[in-house]
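Have a look at the structure below before the remarks.
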Amino acid sequence: MSTVTADAPRTSPTAPPAIRRRRPKGRTSGHVLTVVAWAAGLLFFAPVAWMVLTSFKQESQAASNPPTFFFTPTLEQYASVIGTAGAGSYLLNSVIATACSTLLVLVLAVPAAYAVSIRPVKRTQDFLFFFISTKMLPIVAVIMPIYVIAGQIQLLDNILTLIILYTAMNLPIAVWMMRSFFLEVPGEVLEAASIDGASLLRTMRTVLLPMVAPGVAATALICVIFAWNEFFFALNLTAANAATVPIFLMSTMTSEGLFLARLSAASVLASLPVVLAGWIAQKQLVRGLSMGAVK
Amino acid sequence: MSTATDTPVGRGPDAPRTPSADASRRRAPHDGEYSKAEAWRRRLPLMPAFLFVVICTQIPFLLTIWYSLRSWNLLRPEGEKFVGLRNYLDIFVDSTFRTAALNSILITLGCVLVSLVFGLVLALLLDRKFFGRGFIRTLLITPFLIMPVAGAMLWSISMFNPSYGLVNWLISIVGISPVDWTSQLPMLSIIIALVWQWTPFMMLLLLAGLQSQTGDVLEAASMDGAGPWTTFVYITLPHLRFYLELSVLLGAIYVVNTFDQIYLMTAGGPGTASANLPFYIYQRAFLGFDIGQSSAMGVITVIATIIVAMFALRLIFTSINSKEQS
């Protein structure tokens with residue numbers, strides 16, 4: 001499915017498998033490149049490692065100069081974050097907004113992707129262009145009317161507003177991604193189903209959806225990442241009732257002065273779901289990020 | 001005209017084609033092949049998604065245009081009135097708007113180009129077998145997965161803090177005196193944090209591109225006596241062109257909208273030194289309550305984005321089509 005597989009065979013199907021793509025050109029240069037790759041990987045990860053390390057410190061150790069590298073780890077900060085009054089409601093709002101918007105995206109995007117890939121008519125490409133063009137629309141250009149409308153229909157500080165907006169934000173990408181997965185379904189399979197007299201819905205349920213399930217999962221993953229991490233709409237359209245985890249994280253910093261270790265623990269907890277999901281599904285992530293255009 | 005519809009985007013000449021994959025390429029019918037009713041029946045599954053996106057994006061944008069023609073400040077008691085293009089004229093003499101526009105360009109260009117170069121180098125490093133490759137790739141993609149709010153605070157506090165930040169401690173080892181990063185070098189600080197976040201994205205796309213290269217082409221190049229550098233410049237880079245363009249386009253779409261890092265790291269400051277357009281418009285709208293002004297700025301931002309995006313999209317779809325036809 002994905003091209004970024006650790007051990008994907010690099011030779012083309014026609015070439016004999018014994019011919020490797022790159023013959024080792026001297027062991028030393030290979031070792032140097034390996035060391036450089038490790039150094040780069042560790043360097044990019046270092047800020048994250050530092051954040052995790054800081055989250056296990058006491059506050060006095062967290063804000064010390066020179067930095068503290070050796071200390072007795074404590075779970076105090078995590079306990080304090082989890083014990084914060086209202087922390088659960090931020091989490092619940094994030095889970096509801098992310099889960100509902102992702103489901104809604106899938107419900108709307110699967111038929112749309114079906115239409116533009118399996119049964120295209122002329123001008124369906126125009127619809128595809130329309131979808132991608134909305135991603136070019138800067139969010140700030142629509143925030144004022146959304147704020148005013150939401151205020152007039154009593155939907156400010158309501159989780160429903162975030163669900164609707166996150167759906168609109170992710171839907172264009174989802175249609176593009178799923179289109180590319182649907183295009184991979186062999187036409188004969190669908191013809192066979194229709195010859196057998198299967199109805200459209202039955203074909204979709206029993207033939208098509210099982211085949212595109214990995215693509216649907218990749219699409220869902222991308223929607224989850226963007227919805228979980230979204231900050232701008234949450235900042236401007238929510239207050240006490242519908243605020244999400246990014247808002248909680250920000251309030252950890254601003255409301256009580258700077259508690260670096262506690263902030264780090266909150267950051268780790270807030271990022272953890274998406275980081276774990278991304279680590280587990282990194283192969284799907286590549287296709288998802290490129291909207292399926294890269295295979 | 002129908003070339004881009006009937007071929008899957010990105011199914012390049014180098015993708016292995018099985019007979020079933022070829023059979024799955026669907027032909028877009030020409031005009032008149034279907035009756036109007038049948039065409040609409042086929043388009044029907046598109047409509048819910050289409051209407052949803054229209055209602056959530058196009059209607060608010062039309063309202064933004066309407067607001068931009070009115071003088072409407074929630075702090076002023078006289079209410080709102082139609083002022084024509086006055087808001088737009090005011091923007092042209094607003095030097096902060098120019099600063100913010102320039103900063104938007106600098107941040108987007110700087111972040112996208114530097115991330116692209118870093119991403120390319122990392123992708124090349126990862127495009128070979130070595131001990132711990134999967135582990136290193138996992139470490140490298142993590143900055144992209146970290147919640148941007150958490151990433152912004154991590155950089156502004158743990159990394160760039162003038163008294164106990166890790167960066168100042170590191171540069172003090174080599175004898176450089178401490179720097180108050182976010183107030184002395186706000187733009188650089190923001191670009192560093194953004195590059196850190198977006199390099200993994202570029203790396204993943206370009207790695208996918210590198211791994212779609214077939215072995216026999218490189219084998220042939222090496223048989224012909226091409227060195228690694230010649231192979232890279234004449235074979236790998238042209239192959240990567242499509243992936244490079246896609247990375248730039250997608251990266252730019254997201255980076256131009258950067259808000260989290262600016263809001264949390266510098267708050268656009270000192271003064272307005274590091275405000276970009278999204279942040280400045282936000283300030284005018286939600287702190288200045290100037291709906292008319294901020295709407296006009298939003299409209300100008302959209303027009304500018306559309307102009308840039310049109311060029312970028314044309315470039316990239318020419319590239320997709322040429323890739324499919326070759």
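The values are calculated or read from the model by the stated rules, or taken from the named source; none is laboratory data. Bear in mind that the values here come from a model prediction, so they are computed numbers and not experimental data. Note: ideal-geometry Cβ built from the backbone for every residue, glycine included; neighbour counts use all protein chains shown. Just the protein is used for accessible areas: all its heavy atoms, side chains included, with ligands, DNA and RNA removed. Shrake-Rupley method; radii C 1.70, N 1.55, O 1.52, S 1.80 Å.
Return yes when residue B:269 is over 27 Å from residue A:170 (Cβ atoms), out of contact with any Ser or Thr (no Cβ under 8 Å at 6 or more places or on another chain), more than 7 Å from chain A (Cβ to nearest Cβ) and small (Gly, Ala, Ser) and no when it is not. The answer is no for residue B:269.
One residue is enough: does segment A:82-95 have a residue meeting the conditions out of contact with any Phe, Trp or Tyr (no Cβ under 7 Å at 6 or more places or on another chain) and surrounded by 18 or more Cβ atoms within 10 Å (Cβ to Cβ)?
Of the residues in segment A:82-95, the ones out of contact with any Phe, Trp or Tyr (no Cβ under 7 Å at 6 or more places or on another chain) are A:82-86, A:88-89, A:91-93, A:95.
Then keep just the ones that are surrounded by 18 or more Cβ atoms within 10 Å (Cβ to Cβ); that gives A:93.
Checked against the condition, which is being out of contact with any Phe, Trp or Tyr (no Cβ under 7 Å at 6 or more places or on another chain) and surrounded by 18 or more Cβ atoms within 10 Å (Cβ to Cβ), segment A:82-95 yields at least one hit.
Take the conditions touching a residue at least 40 places away in the same chain (Cβ under 8 Å) and in the same structural domain as residue A:204 (by TED's automatic domain parsing) and apply them to residue A:54. Does it pass? No. Scanning segment B:249-259 for residues that are within 27 Å of residue B:84 (Cβ to Cβ), facing another protein chain (nearest Cβ under 10 Å), open to solvent by 10 Å² or more (accessible area, probe 1.4 Å) and free of Cβ contacts under 8 Å to residues at least 40 places away in the same chain turns up nothing.
Just one of the listed residues (B:264, B:249) is part of a helix (DSSP H, G or I) and either more than 26 Å from the chain's Cα centre (by Cα) or within 29 Å of residue B:123 (Cα to Cα) (or both), namely B:249. Against the conditions (1) within 7 Å of another protein chain (Cβ to nearest Cβ); (2) closer than 18 Å to residue B:170 by Cβ; (3) under 30 Å from the mean Cα position of the chain (by Cα), residue A:46 satisfies every one except (1).
For residue A:37, the criteria (1) in contact with a Leu (Cβ under 6 Å, 6 or more places away or on another chain); (2) more than 7 Å from chain B (Cβ to nearest Cβ) hold in every case but one, which is (2).
Pairing residues of segment B:288-316 that are of a type in the set (D, E, K, R) with residues that are part of a helix (DSSP H, G or I), at Cβ distances under 7 Å and at least 6 apart in sequence or on separate chains, gives B:290/B:284.
At least 1 residues being over 23 Å from residue A:282 (Cα atoms) and more than 23 Å from the chain's Cα centre (by Cα) is the threshold, and among the helices (runs of 4 or more DSSP H) wholly inside segment B:98-206 those reaching it are B:166-173, B:181-184. Applying a threshold of 9 Å to beta carbon distances and a minimum spacing of six or more residues, or different chains, the list of pairs starting in segment A:58-83 at a residue that is on the phi < 0 side of the Ramachandran plot and without any contact (Cβ under 8 Å) to a residue 60 or more places away in the chain and ending at one that is aromatic (Phe, Trp, Tyr) and outside any loop (DSSP other than H, G, I, E, B) reads A:65/B:169; A:66/B:169; A:67/A:50; A:67/B:169. Scanning segment A:112-145 for residues that are more than 7 Å from chain B (Cβ to nearest Cβ) and either open to solvent by 30 Å² or more (accessible area, probe 1.4 Å) or touching a Leu at 6+ places or on another chain (Cβ under 6 Å) (or both) turns up A:117, A:123, A:126, A:129, A:130, A:133. Quick test of your reading of the structure: residue A:121 fulfils all but one of (1) over 24 Å from the mean Cα position of the chain (by Cα); (2) under 30 Å from residue A:248 (Cβ atoms). Name the failing condition by number. Among (1) over 24 Å from the mean Cα position of the chain (by Cα); (2) under 30 Å from residue A:248 (Cβ atoms), residue A:121 violates only (2). Residue pairs whose Cβ atoms lie under 6 Å apart, separated by 6 or more positions or on different chains, with the first residue in segment B:95-107 and over 20 Å from residue B:253 (Cβ atoms) and in contact (Cβ under 8 Å) with a residue 12 or more places away in the chain and the second assigned to a helix (DSSP H, G or I) and of a type in the set (Val, Ile, Thr), are B:97/B:91.
Which residue out of B:102, B:122 is out of contact with any His (no Cβ under 9 Å at 6 or more places or on another chain) and surrounded by 18 or more Cβ atoms within 10 Å (Cβ to Cβ)? If you could, list the steps in order and put the result at the bottom.
Working: B:102 fails: surrounded by 18 or more Cβ atoms within 10 Å (Cβ to Cβ).
Answer to the selection: B:122.
Of everything listed in (1) touching a residue at least 12 places away in the same chain (Cβ under 8 Å); (2) open to solvent by 40 Å² or more (accessible area, probe 1.4 Å); (3) in a helix (DSSP H, G or I), the single unmet condition for residue B:61 is (2). Being assigned to a loop (DSSP other than H, G, I, E, B) and not polar (S, T, N, Q) is not true of residue A:44. Residues considered: B:169, B:181. Of these, the only one that is at the interface with chain A (Cβ under 7 Å from one of its Cβ atoms), out of contact with any strand residue (DSSP E or B) (no Cβ under 8 Å at 6 or more places or on another chain) and among the aromatic types (Phe, Trp, Tyr) is B:169.
Between A:79, A:109, the distinction of being more than 20 Å from residue B:170 (Cα to Cα), open to solvent by less than 60 Å² (accessible area, probe 1.4 Å) and part of a helix (DSSP H, G or I) belongs to A:109 only.
Here's the yes/no breakdown for (1) open to solvent by less than 20 Å² (accessible area, probe 1.4 Å); (2) part of a helix (DSSP H, G or I); (3) more than 9 Å from chain B (Cβ to nearest Cβ):
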position: A:149; (1), (2), (3): no, yes, no
position: A:178; (1), (2), (3): yes, yes, yes
position: A:217; (1), (2), (3): no, yes, yes
position: A:222; (1), (2), (3): yes, yes, yes
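Residue check: residue B:244 meets all listed conditions (1) within 30 Å of residue A:50 (Cα to Cα); (2) touching a residue at least 60 places away in the same chain (Cβ under 8 Å) but one, namely (1). One residue alone among A:231, A:248, A:226 is under 23 Å from residue B:156 (Cβ atoms), within 12 Å of chain B (Cβ to nearest Cβ) and touching a Pro at 6+ places or on another chain (Cβ under 8 Å), and that residue is A:231.
Can you pull out every residue in segment A:183-208 that is part of a helix (DSSP H, G or I) and either in contact (Cβ under 8 Å) with a residue 24 or more places away in the chain or of a type in the set (S, T, N, Q) (or both)? Listed by number, the residues that qualify are A:190, A:194, A:203, A:204, A:206, A:208.
If you scan segment A:151-167, which residues turn out to be surrounded by fewer than 24 Cβ atoms within 10 Å (Cβ to Cβ) and either facing chain B (nearest Cβ under 7 Å) or part of a helix (DSSP H, G or I) (or both)? Talk me through it step by step, then tell me what you get.
Step one: of segment A:151-167, the residues surrounded by fewer than 24 Cβ atoms within 10 Å (Cβ to Cβ) are A:151-161, A:163-164.
Scanning segment A:151-167 gives A:151, A:152, A:159, A:160, A:161, A:163, A:164.
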